[in-house]
Amino acid sequence: MSHESDLSRIGISLPKNLLDKFDEILECRGYSSRSEGIRDAIRNYITYYKWMSDVTGERQGIITMVYDHEHRGLLQVLTEIQHDYLDVIQSSLHSHVSHDRCVEIILLRGDGKVIKDIAERLMSQKGVESVKLTTIPIEE
Ligand code: NI
């Protein structure tokens with residue numbers, strides 16, 4: 001059995017701007033080392049994934065998505081994805097954040113697994129900066 005105290009060393013390659021942003025956050029938050037920040041980020045990633053796997057049953061969902069509307073073909077793809085789930089998507093609200101960024105809030109109601117699939121499909125598109133999913137279980 002392995003414990004968090006058994007350390008493995010890994011080497012990773014990252015785009016410079018991503019690492020710069022990460023380091024900036026680590027500095028603001030007062031992390032003593034980059035390794036500690038990366039460990040925390042990985043723990044959060046795992047927690048988020050587990051949380052996503054637990055989204056089941058009838059849910060009310062809210063997706064908040066930020067994207068670059070000038071990214072080639074993205075608007076078309078986002079529209080097509082949303083039209084694939086006519087029965088789940090209740091409404092959406094769009095606001096223009098800046099010259100090329102938009103925020104969209106999508107209100108959904110339906111099976112948690114389907115809501116999660118929609119969020120993941122949106123998230124995986126190039127040009128999509130962030131997707132946040134919140135769900136509320138519907139009590140019987
Ligand atoms: Ni816009």
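Suppose the filter is part of a helix (DSSP H, G or I), surrounded by 10 or more Cβ atoms within 10 Å (Cβ to Cβ) and either without any contact (Cβ under 8 Å) to a residue 12 or more places away in the chain or of a type in the set (A, V, I, L, M, F, W, C) (or both); does ILE25 pass it? It is true that ILE25 is part of a helix (DSSP H, G or I), surrounded by 10 or more Cβ atoms within 10 Å (Cβ to Cβ) and either without any contact (Cβ under 8 Å) to a residue 12 or more places away in the chain or of a type in the set (A, V, I, L, M, F, W, C) (or both). Taking the criterion of being more than 23 Å from LEU74 (Cα to Cα) and of a type outside the set (Val, Ile, Thr), the residues of the range 119-140 that qualify are PRO137, GLU139, GLU140. Only a single item in (1) more than 18 Å from GLN125 (Cβ to Cβ); (2) more than 16 Å from the ligand (Cβ to nearest atom); (3) in contact with a strand residue (DSSP E or B) (Cβ under 7 Å, 6 or more places away or on another chain); (4) of a type in the set (A, V, I, L, M) is not met by ILE38, and it is number (3). Can we say ILE12 is surrounded by fewer than 10 Cβ atoms within 10 Å (Cβ to Cβ) and aliphatic (A, V, I, L, M)? Yes; evaluated as a whole, the condition is true for this residue.
Residue check: LEU122 meets all listed conditions (1) more than 16 Å from the ligand (Cβ to nearest atom); (2) within 15 Å of the chain's Cα centre (by Cα); (3) under 15 Å from THR134 (Cβ atoms) but one, namely (1).
Checking each residue of the range 94-107 against the condition of being away from the ligand (no atom under 15 Å from the Cβ), of a type outside the set (A, V, I, L, M, F, W, C) and loosely packed, with under 14 Cβ neighbours inside 10 Å gives no match.
Of the residues examined, GLY57 is not one that is touching a residue at least 60 places away in the same chain (Cβ under 8 Å) and under 18 Å from the mean Cα position of the chain (by Cα).
Contact map, the range 93-116: residues that are in the same structural domain as SER130 (by TED's automatic domain parsing) and under 30 Å from ASP54 (Cβ atoms) paired with residues that are away from the ligand (no atom under 11 Å from the Cβ) and aromatic (Phe, Trp, Tyr), Cβ distance under 9 Å, separation 6+ or inter-chain. Pairs shown: LEU108/TYR85; GLY110/TYR85; VAL114/TYR85; ILE115/TYR85. Within the range 123-140, the residues that satisfy the criterion of being of a type in the set (Asp, Glu) and exposed (fewer than 11 other Cβ atoms within 10 Å of the Cβ) are GLU139, GLU140.
The values are calculated or read from the model by the stated rules, or taken from the named source; none is laboratory data. Keep in mind that what you see is a predicted model, and the values were worked out from it rather than measured. Counting neighbours? That spans all protein chains shown, and the Cβs are built from the backbone with ideal geometry, glycine included.
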